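Notes to accompany the following structure.
The values are calculated or read from the model by the stated rules, or taken from the named source; none is laboratory data. Quick caveat: nothing in here was measured; it's all calculated off a predicted structure. Cβ: placed from backbone, ideal geometry, glycine included. Neighbour counts: every protein chain shown. Ligands, DNA and RNA are excluded from the accessible area calculation, which covers all protein heavy atoms including side chains. Shrake-Rupley method; radii C 1.70, N 1.55, O 1.52, S 1.80 Å.
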Amino acid sequence: MDRLIGGIEIGGTKTVVLVARGRAIVAQRRVPTTTPAATLAACNAALSEWSALHGPVAALGIGSFGPLDIAAGRITDTPKPGWSGTKVVEPFARLDVPLAFDTDVAAAALAEHRWGAARGTRVSAYITIGTGIGAGLIVDGNPVHGLVHPEIGHVRVTSSDGFAGNCPFHGNCLEGLASGPAIAARTGSAAHLLPTGHAIWTMIANEIGEMIAMLLLTLSPQRIVIGGGIGAGQPQLLPIIRDRVAIQLNSYVAPITRAALDGIVVSPGLGDLSGPLGAVALGNRAASPGSRTIND
């Protein structure tokens, strides 16, 4: 039987804590992301409750919104009030098990590589489009890290309507143009209230497609999974994104035809479980001999 692994996905509005065997979820709970103390305490309480019912976890994976200092196990400067500098890993040291900590998008990318739409690929990406925009990159089964973690949501793209953007750091970066708050600023309406035929969807699909073309020209992923409340919640975006990518590449990369993009730029294979199962996938890596964890 697969080991029992704990996972925590910390999002800007909600946090999911769960235990699973492989990808089979044994127990799961959603808690609001309020203060760090209350949110992390609720996760610890759930893990303690389930330990009494199902036995202790063999490892724990935590995927969190960022930016992160992964080696230090903490969030750095974030717009989320009260969370800058939060030591995310420290409250779970009592478990005394291997622990892996990474961005929520890297975790989701790992889950899609292991169990979802990116299975069988060497190089893949998971892009979340929602309250923010971020991406996790996987190469040979490992999340990509370098100087820091990838921040693809903050690359500059061409604004379709001249909107100046609302990113407090960069103005009209992709997140400042195509995230949920940016869409609300551009249209005066929350994204989920806009009809599928609204002109904004073509504009942001074009902007996302421009970023994906850059990603294909740099990392050359074999699969790009588009998730998040907007990315997965607005299925009409995918065909427009693929069209824009094809226009941007202009047949320069021979294997990337418009037809081929239908199998390259795809929806999540795990649906809305990419993030929670991503935390479990991190935990599985931490439990495996030779894996690099936060404790190394």
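Using alpha carbons only, how many degrees (0 to 90, rounded to 10) separate the axis of helix 237-249 from the longest principal axis of the chain?
60 degrees
For the chain, which whole-number percentage of the solvent-accessible area (1.4 Å probe, protein heavy atoms only) is attributable to carbon and sulfur atoms?
Whole-percent figure for carbon plus sulfur exposure: 54.
Using a 10 angstrom cutoff on alpha carbons, build the Gaussian network for the chain and name the most mobile of Gly227, Gly176, Gly271.
Gly271
What list of ³J(HN,Hα) couplings, whole Hz, do you get for the stretch 105-113 from phi and the Karplus terms 6.51, -1.76, 1.60, once you set θ to phi - 60° and write x for glycine and proline?
6, 5, 4, 4, 4, 5, 5, 5, 5
Suppose all protein chains stay in the model; what accessible area per residue would a 1.4 Å probe give for the chain, in Å²?
It amounts to 43 Å² per residue over the chain.
Restricting to Cα atoms and excluding each atom paired with itself, what does the Kirkwood estimate give for the stretch 182-228 in Å?
Taking the inverse mean of 1/r over all distinct Cα pairs, the stretch 182-228 comes out at 12.3 Å.
When only the heavy atoms of the protein chains count and the probe is 1.4 Å, how do Asp272, Asp243 rank by accessible area, highest first?
So, going from the largest accessible area down, we get Asp272, Asp243.
Rounded, prolate or oblate, given the Cα gyration tensor of the stretch 61-185, with a/c below 1.5 counting as rounded?
Here the stretch 61-185 falls in the oblate category.
Could you pull out the chymotrypsin sites (Phe, Trp or Tyr not before Pro) across the stretch 136-240 that fall in loop regions by DSSP (anything but H, G, I, E, B) with no more than 14 other Cβ atoms inside 10 Å?
Listed in order of number, the matching sites are Phe169.
Taking a spot 7 Å from the Cα of Val148 along the direction of its beta carbon, which residues of the stretch 83-98 have an amide N less than 12 Å from it?
Inside the label zone: nothing.
Can you bin the stretch 28-81 into rounded, prolate or oblate? Criterion: square roots of the alpha carbon gyration tensor eigenvalues sorted a ≥ b ≥ c, rounded for a/c under 1.5, prolate for a/b above b/c, oblate for the rest.
In terms of gyration-tensor shape, oblate.
Rank His192, His154 by accessible area, highest first, at a 1.4 Å probe radius?
His192, His154
Taking the chain as the reference, fit the longest principal axis to its C-alpha atoms, fit the long axis of helix 36-54 to the helix C-alpha atoms, and give the angle between the two in degrees, 0 to 90, nearest 10.
Long axis of 36-54 versus the principal axis of the chain: about 60 degrees.
Output the relative contact order of the chain, whole-number percent, from Cα pairs under 8 angstrom with separation of 6+ residues.
It rounds to 23 percent for the chain.
Against the empirical 2.2 N^0.38 Å scaling, what ratio does the C-alpha Rg of the chain come to?
Relative to the rule-of-thumb radius for its length, the chain sits at 0.98.
I need the Debye-formula profile for the stretch 24-122: one equal scatterer per C-alpha, no solvent, reported as log10 I(q)/I(0) at q = 0.16, 0.21, 0.22 1/Å, two decimals.
Log10 of I(q)/I(0), two decimals: -0.79, -1.23, -1.30.
How many angstrom lie between the C-alpha centres of the stretch 1-43 and the stretch 136-162?
25 Å
Helix 274-287 versus the longest principal axis of the chain: what angle, 0 to 90°, nearest 10, using Cα atoms?
The angle comes out near 50 degrees.
At 0.36 nm per residue, minus the direct Cα-Cα distance, what do Arg21 and Ser84 gain on full extension? Give it in nm, one decimal, please.
Value of the extension gain: 19.4 nm.
When a/c is below 1.5 the answer is rounded, else prolate if a/b is larger than b/c, else oblate, so apply that to the stretch 228-287 with a ≥ b ≥ c taken from the square roots of the Cα gyration tensor eigenvalues.
It comes out oblate by the Cα gyration axes.
How would you order 26-33, 219-226 from highest to lowest mean count of nearby Cβ atoms within 10 Å?
My ranking of the peptides, most packed first, is 219-226, 26-33.
Gap in Å between the Cα centre of the stretch 228-282 and the Cα centre of the stretch 186-220?
Cα centroid of the stretch 186-220 versus Cα centroid of the stretch 228-282: 12 Å apart.
With an 8 Å Cα cut-off and a minimum separation of 6 or more residues, compute the relative contact order for the stretch 12-121 in percent.
For the stretch 12-121, the relative contact order is 21 percent.
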